[in-house]
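A.B. asks: Right, I'll just put the structure down here and ask away after.
Every number in this text was worked out from the coordinates using simple rules, so none of it is lab data. Since the structure is predicted, the reported quantities are computational estimates derived from the model, not experimental observations. Positions of Cβ are generated from backbone atoms using ideal geometry, with glycine treated the same way; all protein chains shown enter the neighbour counts.
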Amino acid sequence: MGKIAMKKKGIFFTFIAITLMAVFLLVSTPQADISLQKDLQSVRARISSVDSFVSDLENRYLETVLRATTHKAILSLIFYMNSTGSYIPNLDSAFSEVMLTGKIGGEPIDSVTGKKIMENNTLTDWNNRIVESAKDTLNVNATIIVNNVSVFQTKPWNIDSALNINLTIKSNVAEWKRNSVITTTISIEGLHDPYFLVNTNKAYTNQVKKSSVPFNQWNITSVREHVRNGTYIQSEKAPGFLMRFTNTIANSTCCGIEAFVNPNKISPSDQRESYIDYLFWTHKFQNNCTQLYNITGLWDEFRHFKLDFDNVIKYNITAQDAVKTC
C-alpha cells in the first residue's frame, strides 16, 4: 500500500509540474513575441531614419554645399587674379586647392585678396560640420573622403563642378558605404571677367551680362547698347569663361563668349585692333589694317571703335556707319 501511495504522489507532483510549465509558456511566450516585435520595429525605424539622412546627404545637402563653395572659390580666384595681375597657370589644380583648403600655392587665398570668402567655407569645413551634425542628431559616425573636385563648362553661361567622394555612415544597427559623384551648376552672370582685369592691370572691369539681342537682329543701335552696357554674346570663335582664367584664347564651340572693348575705358583709346575682347588683346589685326573698319556710326560716343570685316558683317553694320581704317 505504501508503494502505491508513493506512486500516486509522484504522478500528482508530475502533473502539477507539467501544468505549471504549460501555464508559464502560455503566459510568457506572447510577451516575448511582443518584445521582439518592438525591437524589430525600433531597428527598422532606426535604419529608416539613417537611410533618409544618407539620401538627403547625397541628393540635397552636399549639392548645396558644393554649389555655394564653387561660387566662393571662383569669386576668390577672380579676386586673386585682380590682386596679382596674372593668370592662373593650372585652373584645375588651383580650383581644387581653394575648394578643399582655402589656399592657393600653399598660401591662404583670403590673405592675398584681402577678402574673407573662403575662411570657414571650404569643402573640408563643411564636411566637418556634417560629421558633427550626424553625431549630434542621429548618433552615427560619418566619414567623408574627397577623391576629387573639378570645374568645367558645358554651356556658355554656366559653370559646372563635380565632387567625387567616398561616404561611410556607421550606426549601432547598420553601416552605409557609398561612392558618390555630386554635381552642381552656377551662373557666370554677375561675375567679373578676369580677361579684362589682367589685360588692363585692374583698370577695366567688366561683369558678365548676357545680351538680350537676338543673333539676327543686330544693327548700329543695338551695337551701341552692347558697347555701352558691356554685355556678352555666345560665340563659337571665342574662348569660354573658364578659359579666360588661364589666358587660353582659343575657340570653344560649346561655351565661347565675347564682349566689345569700350575705347573710353582703355588707354590709348585709339589702337589698330578689332575691338572684340579676345581679338583686341591677342592683336589679331594689329598688322592687318586693311581688314579693319572704323565704326564711325558710334564715334560720337565711342570714338576710335573698330571692327574687323567678319564682325562688321556679323553685327550687321552698314556702309554708312563703317569706313575702312586704311
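A.B. asks: Determine the sum of side-chain charges near residue 166: Lys and Arg each +1, Asp and Glu each -1, restricted to other residues whose C-beta is under 10 angstrom from that of residue 166.
C.D. replies: Combined, the nearby Lys, Arg, Asp and Glu give +2.
A.B. asks: What percent does the relative contact order of the range 127-248 come to when contacts are Cα pairs within less than 8 Å and at least six residues apart?
C.D. replies: Details: 170 pairs, mean separation 21.5, N = 122.
RCO, the range 127-248: 18 percent.
A.B. asks: Still on this structure, please answer the following. For residue 63 and residue 301, calculate 0.36 nm times their separation in residues minus their Cα-Cα distance, and state this gained length in nm to one decimal.
C.D. replies: On the way: separation 238, 0.36 × 238 = 85.68 nm, distance 4.61 nm.
Contour length minus Cα-Cα distance gives 81.1 nm.
A.B. asks: Which of 155/177; 103/237; 72/237; 115/155; 209/237 have a Cα-Cα distance over 27 Å?
C.D. replies: Flagged as over cut-off: 155/177; 103/237; 72/237; 115/155.
A.B. asks: Also, quick follow-up: Could you state the angle between the C-alpha long axis of helix 220-229 and the longest principal axis of the C-alpha atoms of the chain, as a value from 0 to 90 degrees rounded to the nearest 10?
C.D. replies: For helix 220-229, the angle is close to 60 degrees.
A.B. asks: Where Lys and Arg each count +1 and Asp and Glu each count -1, what net charge lies around residue 296 among other residues with Cβ under 15 Å from its Cβ? All intermediate terms of the calculation are to be shown ahead of the outcome.
C.D. replies: Working: positive: 224, 303, 306, 324; negative: 270, 300, 301, 321.
Net of charged neighbours comes to 0.
A.B. asks: While we're looking at this one, here's another question. Mind checking which of 90, 66, 326 is farthest towards the positive end of the chain's charge dipole, using Cβ charges of +1 (Lys, Arg) and -1 (Asp, Glu) about the Cα centre?
C.D. replies: Result: 66.
A.B. asks: Among residues other than residue 142 whose Cβ falls under 10 Å from its Cβ, what is the net charge (Lys/Arg +1, Asp/Glu -1)?
C.D. replies: Spelling it out: positives minus negatives among the neighbours equals +1.
A.B. asks: What is the distance in Å between the Cα centroid of the range 271-297 and that of the range 183-222?
C.D. replies: A separation of 19 Å, based on Cα centres.
A.B. asks: What ranking of 168, 137 emerges when the number of other C-beta atoms within 10 Å of each C-beta is taken as an exposure proxy, fewest first?
C.D. replies: Details: 168 15, 137 10.
Fewest-to-most Cβ neighbours within 10 Å comes out as 137, 168.
A.B. asks: Got a sec? How would 131, 208, 181 order by Cβ neighbour count within 10 Å, fewest to most?
C.D. replies: 181, 131, 208
A.B. asks: How would you classify the range 194-324 from its alpha-carbon gyration tensor, with a ≥ b ≥ c the square roots of the eigenvalues: rounded for a/c under 1.5, else prolate if a/b is greater than b/c, otherwise oblate? Display every interim value, and only then the final one.
C.D. replies: Numbers: a/c = 1.43, a/b = 1.24, b/c = 1.15.
The shape class here is rounded.
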